[in-house]
């Protein structure tokens, strides 16, 4: 497994691979890798000649400086996991390698088609501008044939699909199912910040979401939303920031079950913000 910390080093590796006609798969990450990332990387390895993974905690997608500071980092552990998964190239740049001062100070602008105005975008203004900014750069550096993203970040995945279309990237975006622990909790790097007791309570998020499927179609989306929020807020240390049931393509709130829908949620477990989602009729 080779590592590159600069764009020049990465470019030399990529140019060599492209010249031999090898297919390149790419998994962008912010590190603190877990079994969910392992599944993404393993699929990338199996479906491409070369698997490239980036590890970069992107400052422009954090609208909370304290959250950026606390984001877990363990590069040595990450590299060990990637070796075990069969990754061939790891790109580990620092912020100054990726951004100039102007880019760090000014918001990246992009036409989201309204996908950024709801849910995560509503509660984390500017977050998706930073996501598109870094993914667009990484796509240009790596030049992959395919890129792999987890469905846990459902809204982000929708925006990546739009970005590829709007910017005319010739890249296949591969949607990968949520990876959960044995107890149902969606795997996330943020889980590392949970205490043992908080982790036990966090399991209730997925439990309530899965149970909510039983009320479709006897309960309309609005009433189901209220029920899910009420059930989760009953649990000590859990507080719902938002829960919405939306059309899987437009991400707009639905009033009935006629279109494919997904329920997306953000919950504070103590001071740790967790997201999850559940598909209802798609």
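The values are calculated or read from the model by the stated rules, or taken from the named source; none is laboratory data. Bear in mind that the values here come from a model prediction, so they are computed numbers and not experimental data. Cβ placement follows ideal geometry from the backbone for every residue including glycine, while neighbour counts extend to all protein chains displayed.
Can you say whether residue 232 is under 18 Å from residue 218 (Cα atoms), touching a strand residue (DSSP E or B) at 6+ places or on another chain (Cβ under 7 Å) and modelled with pLDDT of 95 or more, as far as the supplied structure shows?
no
Filter segment 27-85 for residues that are farther than 26 Å from residue 96 by Cα and loosely packed, with under 15 Cβ neighbours inside 10 Å and give the result.
Correct list: 35, 46, 49, 83, 84.
Can you list the strands (runs of 3 or more DSSP E) found entirely within segment 1-120 that contain at least 1 residues being closer than 27 Å to residue 270 by Cβ and either more than 20 Å from the chain's Cα centre (by Cα) or modelled with pLDDT of 95 or more (or both)?
Passing ranges, in order: 24-29, 50-55.
Please find, within segment 121-148, the residue that is farthest from the chain's Cα centre (by Cα) out of those that are surrounded by fewer than 22 Cβ atoms within 10 Å (Cβ to Cβ) and free of Cβ contacts under 8 Å to residues at least 60 places away in the same chain.
140
Which one of 207, 201, 165, 152 is in contact with a strand residue (DSSP E or B) (Cβ under 7 Å, 6 or more places away or on another chain), modelled with pLDDT of 95 or more and part of a helix (DSSP H, G or I)?
201
Taking the condition surrounded by 14 or more Cβ atoms within 10 Å (Cβ to Cβ), farther than 13 Å from residue 154 by Cβ, in contact (Cβ under 8 Å) with a residue 60 or more places away in the chain and within 19 Å of the chain's Cα centre (by Cα), does residue 205 pass?
Here the answer is yes, as residue 205 does meet what is asked.
Among the listed residues 222, 198, identify the single one that is surrounded by fewer than 16 Cβ atoms within 10 Å (Cβ to Cβ) and either in contact (Cβ under 8 Å) with a residue 24 or more places away in the chain or farther than 21 Å from residue 254 by Cα (or both).
Of 222, 198, the one residue that is surrounded by fewer than 16 Cβ atoms within 10 Å (Cβ to Cβ) and either in contact (Cβ under 8 Å) with a residue 24 or more places away in the chain or farther than 21 Å from residue 254 by Cα (or both) is 222.
Being part of a helix (DSSP H, G or I) and more than 22 Å from the chain's Cα centre (by Cα) is the filter here; which residues of segment 185-197 pass it?
196, 197
For segment 153-165, check the following and say yes or no: at least one residue is crowded, with 16+ Cβ neighbours inside 10 Å, closer than 14 Å to residue 44 by Cα and assigned by TED's automatic domain parsing to the domain that holds residue 44.
no
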